[in-house]
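The values are calculated or read from the model by the stated rules, or taken from the named source; none is laboratory data. Note that the structure is a prediction, hence the values are computed from the model and not measured. Quick reminder, even Gly has a Cβ in these numbers, built from the backbone with ideal geometry, and neighbours come from all protein chains shown. Accessible surface is based on the protein model in full, side chains and every heavy atom, while ligands, DNA and RNA are left aside. Shrake-Rupley method; radii C 1.70, N 1.55, O 1.52, S 1.80 Å.
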Amino acid sequence: KLIIAMEELKQCRLQQRNISATVDKLTLCLPVLEMYSKLREQMKSKRHYPALKTLEHLEHTYLPQVSHYRFCKIMVDNIPKLREEIKEVSMSDLKDFLESIRKHSDKIGETAMKQAQQQRNLDNIVSQHPRISGGKKSKKEACGSSELEVKNTSPMSEQDSGILDVEDEEEDEEVPGAQDLVDFSPVYRCLHIYSVLGARETFENYYRKQRRKQARLVLQPPSNMHETLDGYRKYFNQIVGFFVVEDHILHTTQGLVNRAYIDELWEMALSKTIAALRTHSSYCTDPSLVLDLKNLIVLFADTLQGYGFPVNQLFDMLLEIQDQYSETLLKKWSGVFRNILDSDNYSPIPVTNEEVYKKIVGQFPFQDAELEKQPFPKKFPFSEFVPKVYNQIKEFIYACLKFSEDLHLSSTEVDDPPPKSTNLLLTRTLSPPLQNVIKRKNLVQIIINTTHPPQSCKFLEEFITNTPPVLPETVHTTKLYPPPTFKDARHAAEEETPPNLNQKIDQFLQLPPPDWMAMEPGSKASPPLVDLIGFLRSTFAPPTHLPGDVDVHSTMSGKVAQTACMSACKHLSTSLMQLLLEAEVRQLTLGALQQFNLDVEECERKAQ
């Protein structure tokens, strides 16, 4: 019985040891199985970085304790496959992120440029009202840094890659930061996973290669970009969006991209952008579009400059566009001047009251004490084209100065564009239509008109000096030189005067022709001749109300007037003789001869 009892005790003790051993082994195996189950769950829910940490913990902490079991060997053999799966899935997330960034870079750039525009508006307000500068902070200062803040930057983030949806903001509402549009967590997760797996260099090379490809696509302008301002705006938005993302990656990752890589991309972008702008801006013929393009380029440059990118070449290119802008202005004002000259009646401007007088004096800087003393109604010596041309010259100067706004150029970089362009306007644009109108209009009035504009150059110089954005150090260089345009036009009009007068004389003498069969003479000279003499007297009357430093004899008196008068008298004498001796005149009466004698005597009397 004792032996039997001892055998039973032995079996009981053996079972107890087996149970205890089994419990111990299960205690070691269950955490391994739980960790593996947790790993599969994390893989299933796409929590790749936590899965990688679990995998490392499983491999280095738990599996070595139970490595002699067959299921553990299966797990060990499966670990490389799991690592590769994590790499592939995280890379897939990165590809989705890169694709989203490519599609939405214009939205990111638009937001960044709106921020730059808001900052510039705020700076302008502060510069105009210095007192409020202490109470308000700029958007960048409020953020504490010019760098973009990261949304969900932790590698443990489980957010999917992509761009966050943001509704369009109203003009008066605060524009969201570009960082608010982008979830960068896929980049950080993938970078960290590849770093842990020892493949960081592979990841860096892949990322940079893909971004270079995207940069080339972004920098390729659409063929019709020059047609509208929106084409340029979308092009700039995409470029800004690309570099905003790269700048953020530079400052929030350790070595994924470096400064040399960013500088290389920017140099490529700068050269391609400038080449595209030179090509497409050359197609612009509308000065308003060129001016809008300049403002957009300045905003584009200011935005990228705020992220630390050098933009001096862009401002240098704007000087080239400024020359093109001046050319488009000259073409536009050529049509303006032509319309003014063609629509003028070339008669002195009549004024009936003080209000009209002041209005014209406000349009053109004319001062004459004698004219001011005269009672109303009275007349200005010049016709309407003088104040109209003067005002259009001011409009042209203002249009030129508009281009210089916000260019951030020093006095040594500005080639005195307004005076230079204005002199070109007067010599190259105004001269041809003015020379053309001389052949068709009142020559005497044109001669009088051309004596006034050169005297207004000093007023135009003051206008240039007092109109922003003229720099204080350039005031002494703001000089307009009276071009030869008006002088040449006056000389051309003077040369055209004798043949023009002769033609007028012929017209007066032929309407109506003399009545050679009249029985009785009239009591005075014939009406056509009286009208002709009146015309000649008004033509050779000394002009009044000329600028103080203009010699009266430089208009229609002096040598030119004397020559024209002698030519007119000689032509009138010859024409009268030809009337008398024409072959068609076969007979005439004594009354007709006496009337003819009255006409000749009237000519002699008026010529003295």
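Descriptive notes on the structure:
- Screening the candidates 272, 294, 332 for the property of being assigned to a helix (DSSP H, G or I), in contact with a Leu (Cβ under 8 Å, 6 or more places away or on another chain), open to solvent by 70 Å² or more (accessible area, probe 1.4 Å) and touching a residue at least 24 places away in the same chain (Cβ under 8 Å) yields one hit, 272.
- Taking the listed residues 58, 94, the one that is more than 30 Å from residue 249 (Cα to Cα) and either of a type in the set (Gly, Ala, Ser) or in a helix (DSSP H, G or I) (or both) is 58, with no other qualifying.
- Some residue of region 23-44 being open to solvent by 40 Å² or more (accessible area, probe 1.4 Å), within 57 Å of the chain's Cα centre (by Cα) and closer than 19 Å to residue 92 by Cβ: yes
- Flag: residue 99 does not match the condition of being open to solvent by 80 Å² or more (accessible area, probe 1.4 Å), out of contact with any strand residue (DSSP E or B) (no Cβ under 8 Å at 6 or more places or on another chain) and in a helix (DSSP H, G or I).
- Checked against (1) surrounded by 15 or more Cβ atoms within 10 Å (Cβ to Cβ); (2) in contact (Cβ under 8 Å) with a residue 24 or more places away in the chain, residue 59 passes all but a single condition, namely (2).
- Selection within region 1-55 - small (Gly, Ala, Ser), assigned to a helix (DSSP H, G or I) and closer than 28 Å to residue 83 by Cβ: 37, 51
- Of all residues in region 578-594, none that is closer than 18 Å to residue 506 by Cα has its Cβ atom under 8 Å from the Cβ atom of a residue that is surrounded by fewer than 11 Cβ atoms within 10 Å (Cβ to Cβ) and of a type in the set (S, T, N, Q), 6 or more apart or on another chain.
- Total residues in region 220-258 satisfying the condition of being open to solvent by 10 Å² or more (accessible area, probe 1.4 Å) and among the aliphatic types (A, V, I, L, M): the figure is 2.
- Residue check for residue 184: closer than 17 Å to residue 107 by Cβ and at pLDDT 75 or above: yes
- Flag if residue 376 is touching a strand residue (DSSP E or B) at 6+ places or on another chain (Cβ under 8 Å) and in a loop (DSSP other than H, G, I, E, B): yes
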